[in-house]
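Q: The structure's right below; bear with me while I get my questions together.
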Amino acid sequence: MNDLRSIPAYLMRGGTSKGLVFHKKDLPNNRNLLTEYLLKIMGSPDIRQINGIGGGTSVTSKVCIISKSLEKNVDIDYFFAQVEVDRKHVDYAPTCGNMLSALGPFAIEEGLVETRNDITQVNVKSINTDALITLDVPTPDGKLKYSGDFKIDGVPGTGSQILMNFNNLEGKITGNLFPTGNTVDTFDGVKVTCFDLATCMIICDAKDFNIIGNESSKELNHNKKLFNKIEKIRLLAGKKMGMGDVKGKVLPKVSLLSKSVNNNSIISRYFTPYSCHETHAVTGTCCVASSCLIPGTVGFRLLNKKDSLNFNSEIIKIEHPMGSIDCIIVLNSNFKNNLVSKKDLVKSCGIYRTSRILMKGQVYF
């Protein structure tokens, strides 16, 4: 017995992120109290998060809150919280696609979903963004399988391949695929594409920020001038996107793009937004890759396209500091006709990830 509180939790890696997974029923419904709990549990604010579970980086300071869904054809509801490392703040606006890959296994481990055949489909609703995601989780002989030979860049070793299919992605943060109504806007002399698909982003040409675009995340994170310019444009764009004053908020995120030598590929440096991601967010991958298929955008101009794009489905490779990530994009059948209205363009995005359970027990705070 002791004087600390404790809550049941899983510590899981999902894709290139790591975080805690809770049952909603074990956490307070009051948002202020929830924030207080999560800050204590993760050890924030502290750049080391030494007195909590967090790992001192944005990709290891994540929380997933899960409940059995009451909606038809949805298995679980997923509410995400990004716990700031060095600030007393929890952001509930974004979602995390990497951690999503851990939620299928969690749901099976906890009996929220029964295994079905060799592949068990887990249907997830993102409460933060209203997106619908189907996870194809390997369950040979009805047994959850974490081990495998699939490799993702940014994670040592290999694991079992999980396919994540994202649907209902457009305009979930601002209400519009193009929040400003334009494929390109100019802020502080820089042409950008403001795009809301899976997450809300400002997509830019890296050369307009006086960088090549293939620098390491460590090098970029030491470039104070770069971050000052990014933040200036982010604040201006946020207002025009209808998001108000975005100072201190994690949305919109920012991506700086540059040309790749590879077909159907683009180099991206993804900002969270106050640091450069060591790899690339899954939702950010869906957003950047989809924007590259729409004529008139910054990404479309920079994408190293093969002879002709197949306006049905495409695999776009996003090259990040630690390797690359592929995004399978299925366009709506009426894509070309809908270019004028700038909506109903993307049907789904698919990404492969791996995940692993790291710990199951009680977290004390």
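Q: Apply the Kirkwood formula to region 216-365: the hydrodynamic radius equals the inverse of the mean of 1/r over all pairs of different alpha-carbon atoms; give it in Å with one decimal.
A: By the Kirkwood definition, the hydrodynamic radius is 17.0 Å.
Q: Ok, one more. Once you have the Cα-Cα distance between Leu339 and Asn182, take 0.36 nm times their residue separation minus that, and quote the gain in nm to one decimal.
A: 55.4 nm
Q: Related question: Write down the radius of gyration of region 151-282 and its Dmax, each obtained from C-alpha positions, in Å.
A: Expressed in Å, the Cα Rg and Dmax of region 151-282 come to 15.3, 46.
Q: If you build a Gaussian network model of the chain, linking Cα atoms that sit under 10 Å apart, which residue out of Leu293, Leu144, Leu339 swings the most?
A: Leu339
Q: Sticking with this one: Tell me the trypsin sites (Lys or Arg not before Pro) within region 236-267 that lie in a loop according to DSSP and have at most 14 other beta-carbon atoms within 10 Å.
A: Lys247
Q: Hey, another quick one. Could you give the length gained by full extension between Asp141 and Asn263, i.e. 0.36 nm per residue of separation minus their alpha carbon distance, to one decimal place?
A: Result for the pair: 40.0 nm of gain on full extension.
Q: Using a 10 Å cut-off around each Cβ, can you sort Ser17, Ser313, Ser324, Ser44 from fewest to most neighbouring Cβ atoms?
A: Placing the least packed residue first, the sequence is Ser313, Ser324, Ser44, Ser17.
Q: Relative contact order of region 182-310, please, whole-number percent, based on alpha carbon pairs below 8 angstrom and at least 6 residues apart.
A: 29 percent
Q: Looking at the chain, which Cys residues are left with no other cysteine's beta carbon under 4.7 Å from theirs?
A: If one checks each Cβ against the other cysteines of the chain, Cys64, Cys96, Cys194, Cys200, Cys204, Cys276, Cys287, Cys292, Cys327 turn up with nothing under 4.7 Å.
Q: Which label marks the calculated value of Rg and Dmax of the Cα atoms in Å, given the options (i) 19.8, 68; (ii) 24.3, 82; (iii) 21.2, 64?
A: (i)
Q: Using the Cα atoms of region 36-191 to build a convex hull, what is its mean projected area in square nanometres?
A: Here the figure is 12.3 nm², rounded to one decimal.
Q: Connecting C-alpha atoms closer than 10 Å in a GNM of the chain, tell me which of Gly54, Gly175, Gly19 has the biggest fluctuation.
A: In the Gaussian network model the winner is Gly175.
Q: Between His89 and Ser275, how many nm apart are label points set 7 Å from Cα along the C-beta direction?
A: A separation of 1.5 nm, rounded to one decimal place.
Q: Then there is this: Based on alpha-carbon centroids, what's the gap between region 202-276 and region 99-131 in Å, whole number please?
A: Taking the Cα centre of region 99-131 as reference, the centre of region 202-276 is 32 Å away.
Q: What is the calculated FRET efficiency for Tyr364 to Lys191, with r their C-beta to C-beta distance and R₀ = 51 Å, to the nearest 0.05?
A: It comes out at approximately 0.50.
Q: Calculate the FRET efficiency for Asn221 and Asn117 from the Cβ-Cβ distance with a Förster distance of 51 Å, rounded to the nearest 0.05.
A: With a Förster radius of 51 Å, E is 0.70.
Q: Taking the Cα of Lys247, stepping 7 Å toward and past its beta carbon, and measuring to each backbone N in region 223-241: which are under 12 Å?
A: Taking a point 7 Å out along Cα→Cβ of Lys247, the residues of region 223-241 whose backbone N falls under 12 Å are 232, 235-236.
Q: Tell me, in nm to one decimal, what length is gained between Glu71 and Ser313 on full extension, where the rule is 0.36 nm per residue of separation less the Cα-Cα distance?
A: Gain on extension, Glu71 to Ser313, equals 84.2 nm.
Q: Along the charge dipole of region 21-150, which of Thr139, Ile119, Leu27 sits closest to the positive end, that is, farthest toward it, with unit charges on the beta carbon of Lys, Arg, Asp and Glu (+1, +1, -1, -1)?
A: Leu27
Q: Please find, in a Gaussian network model of the chain (springs between Cα atoms separated by less than 10 Å), the residue of Asn262, Asn168, Asn304 whose mean-square fluctuation is greatest.
A: Between Asn262, Asn168, Asn304, it is Asn262 that shows the largest mean-square fluctuation.
Q: What is the order of Ser290, Ser6, fewest Cβ neighbours within 10 Å to most?
A: Ser6, Ser290
Q: Sticking with this structure for a sec: Going by C-beta contacts inside 10 Å, put Thr279, Thr134, Thr186 in order with the fewest on the left.
A: Thr186, Thr134, Thr279
Any read-out appearing in this document is the output of simple, stated calculations on the displayed coordinates, not a laboratory observation. No experiment lies behind these values; they were computed from the predicted model shown. So basically every Cβ, Gly included, is an ideal-geometry build from the backbone, and we count neighbours across all protein chains shown.
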